[in-house]
Amino acid sequence: MTAAARTRLTEARPQAEPRSDAYDVVVIGAGLGGLSAGAALARLGKSVLVVERQGGAGGYAHVFERNGYLFDPAIHYTSQGNEGELLDVYLKLLGVRDRLTFVHSEIEYGAQFPGLRLTAPVGIEPFIEENARQFPEQAEGIRKFFQLCVDVTRESQQATQRLSLRELDQAVTQLPLLFRYRMATVDDVLDEFVSDPRARGLCGAIWPYMGAPPATGSFIVYAGLLMSTLENGPVYCAGSFQRLADAFSAAIEENGGELILGTEVTRVLLEEGRVTGVTLDGSRKVGTTTVVSNADATQTFERLVGTEHLAKPLRRQLDRLQPSLSAFVLFTATTLDVAAAGLPHEMFVYKHWDHAETHRDILAGKPGGLWVSFPTTFDPGLAPEGEHLVILSSLAPYDVGTPWDDAAEGFTEQMLAELEDLLPGFRESCTFSETATPLTMERYTLNRQGAIYGWDATPAQSTGRRLRQRSPVDGLLLAGHWTEPGAGSFRAIYSGMTAALLALDLEGLPDLLRELESRAR
């Protein structure tokens, strides 16, 4: 382990008790969404208390250490961290950009199917042409599919999440693709352009990133996930993504905010339907008029607020929305030279060309929707010299028909077999192995059914059809992947930014950035 990593793991913890009895804003949960909201509000002079039930900040970005290995549990790269992109600018305005080193990748991702391995480059044109090259007879359709991903995402970036009736007619004219495809699945769009089953499989390769297969997954979400890193490339946070969480934590505390760990918000207090405070660990009351919840949405409304305070439309919406799949993750280390094998930092691995068949495997309790990450290709200091980390993730249902404690061993063996196929000699070279099941995800995050992406990314549950950030409960705002704009590390950060602007009654993100810039001068 690097000296910097050892320093971070032993640094002083934030205080365990709030210093005041009242705050402008209380943030529930120190995931990236909650940390982002707290950092922006503290920087702009608000008194902020961020409360986290776990012993460390970061949520899915919270690193864990085992025997000299540092593992990122869920986030393996992020977007918008290159020079001049939004995350880069945001961290600079918070005054913490110099705490981080982002490592840029020229590879978008790798994908392995039966008989084919693709390494997709960064850059719109190179990426499209490399995909088209694999299937010359389908090349024109492949180009049109991916170009539509580009065009519809650019339109979506011009749109607001919610439009008034007055704005709707104008938006339909100005954003025709967005409105045409707003309820389309990935398969719906592939039907227009690509007929060959294998070419369709290649075009849909990144669907595990949103958890919903092409047959049911939102095309708008799929296109946005692809485009989030395609133009300028993904970035990895050197030293693990804990550094990013620590940077947001520092922005909170250095600007007068407070972050307390190992403490749970057990109730959001209301009077006449409006937020008046929170209860900590079932006893201590802290006053506030604004709460930002980065917690699971069902937990937030049903346990913390209480169903008796919810209007019927919200209760019906919560009953209707369905959570995403969970995941089974195998964390390993190996003495094999992964870098010499020429494998990209992130790679999808498929037994089938047909993603519907892969999805059936998942629902039957078999590994599927696999992606493998090699973080030490970016950052060798995460493992002892001469070793590499290999993290294999599989989408998984919460319920596989038998207890996960019983199913985990067999699932692990199947995952190890996948790694052996990808890296011959892996079993003999493996120096460390640990697993996380959907029950681990549920226990650590309290996410409903261990859902790793919040709500399932179908057209009916995506973008503006997700829960609104300004909830129907007066004074309660939402952040994180249960709300707009959706799942993913940068989207969680973005949701924290927009929660902050809502708490400040600013008109839009440019106003928030201008306010932060004025503080940075």
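Read-outs: derived from the displayed coordinates by stated rules, not from any lab. For clarity, every value in this text was computed on a predicted model and none was experimentally measured. Cβ coordinates were reconstructed from backbone atoms using ideal geometry, including for glycine residues, and neighbour counts include every protein chain displayed.
Quick one: longest stretch of the chain between exposed loop GluC sites (Glu not before Pro), exposed meaning at most 12 other C-beta atoms within 10 Å and loop per DSSP? It works out to 107-271. The alpha carbon centroids of region 125-154 and region 75-113 are separated by 25 Å. If you plug the beta carbon distance of E413 and D188 into 1/(1 + (r/R0)^6) with R0 = 35 Å, you get a FRET efficiency near 0.40. Return the lysines within reach of K285: Cα separation strictly under 24 angstrom, same-chain partners fewer than 8 residues apart disregarded; answer none if there are no such residues. Partners within reach: K46. Remark: region 154-311 carries a charge dipole of roughly 80 debye about the Cα centre, counting +1 on each Lys and Arg Cβ and -1 on each Asp and Glu Cβ.
Along the positive direction of the dipole of the chain (beta-carbon charges: Lys, Arg +1; Asp, Glu -1; about the Cα centre), which of L446, T412, P472 reaches farthest? My answer, from the dipole projection, is P472. Here the relative contact order of region 387-465, from alpha carbon pairs under 8 Å that lie six or more residues apart, stands at 24 percent. Relative to one another, the C-alpha centroids of region 282-318 and region 459-521 are positioned 17 Å apart. Expressed to the nearest 5 percent, the antiparallel share of DSSP beta bridges inside the chain is 70 percent. From helices alone, the chain scores -11000 deg cm²/dmol at 222 nm; the rule is -39500 (n - 2.57) for each run of n ≥ 4 DSSP H residues, then divide by the residue total.
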